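The values are calculated or read from the model by the stated rules, or taken from the named source; none is laboratory data. Quantities reported herein were computed from a predicted structural model and do not represent experimental measurements. Neighbour counts run over all protein chains shown; Cβ positions are idealised from the backbone, glycine included.
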Amino acid sequence: MSAELLERGVRGAFYTLEEAAHAVDVLEENGFAQSDITVFSPIPTAEVEEHFVRPRSPVRYMTLTGGILGCITGFALTYWTFFAWPHHVGGKPVSSFPVAVVIMFELTVLLGGLFSLAAVFIFSRIPALTMKPGYHPRFSEDLFGVFVHTSEEEGKRSASRVLDGLGALEVRDEPA
């Protein structure tokens, strides 16, 4: 589905979380997929989060990538330093793995943490340069919103009928 089509739909506003959650259930019963429904909430709500099946976050893979890259970088940095400036002491070998372990550990933790932080910002889309379709400023204050992504007239009528029938304060058709 194109981005233009995702911006079209019907928005309903509700006073309580229970009304919004019930609206989501009824919309799903009427044939709307979970991916076509967006819920806006002024507070974090476990009920809504548990209702929707979301994919697992890819942040953990970025953390693993950063950790592996940090470990390899720590190993390469210490061994490059050993051989770039050799320091021969009493016939002992120039390189020593136990010395490299400390640097490898530190860079593993550092790059793993930095990659995690960057991944959180990237996958959370922070900063949000554009508003999500169907958003209204009161959804951050005191109302719960349900937005149904649909570009078909029949889908808009059906969603409007459901949201209006459930007592939404406002039901509005959002054009592209």
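Structure summary
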item: All positions within segment 98-143 that are among the hydroxyl-bearing types (Ser, Thr, Tyr) and in contact (Cβ under 8 Å) with a residue 12 or more places away in the chain; result: THR108, SER116, TYR135, SER140
item: Matching entry among VAL89, VAL94, VAL102 (being in a helix (DSSP H, G or I), exposed (fewer than 14 other Cβ atoms within 10 Å of the Cβ) and among the aliphatic types (A, V, I, L, M)); result: VAL102
item: Matching entry among PHE147, PHE105 (being at pLDDT 90 or above and in the same structural domain as GLY9 (by TED's automatic domain parsing)); result: PHE147
item: Close pairs (6 angstrom Cβ cut-off, 6 or more residues apart or separate chains): under 14 Å from SER140 (Cβ atoms) and in the same structural domain as ARG138 (by TED's automatic domain parsing) in segment 35-48, among the β-branched types (Val, Ile, Thr) and modelled with pLDDT of 85 or more anywhere; result: VAL39/VAL146
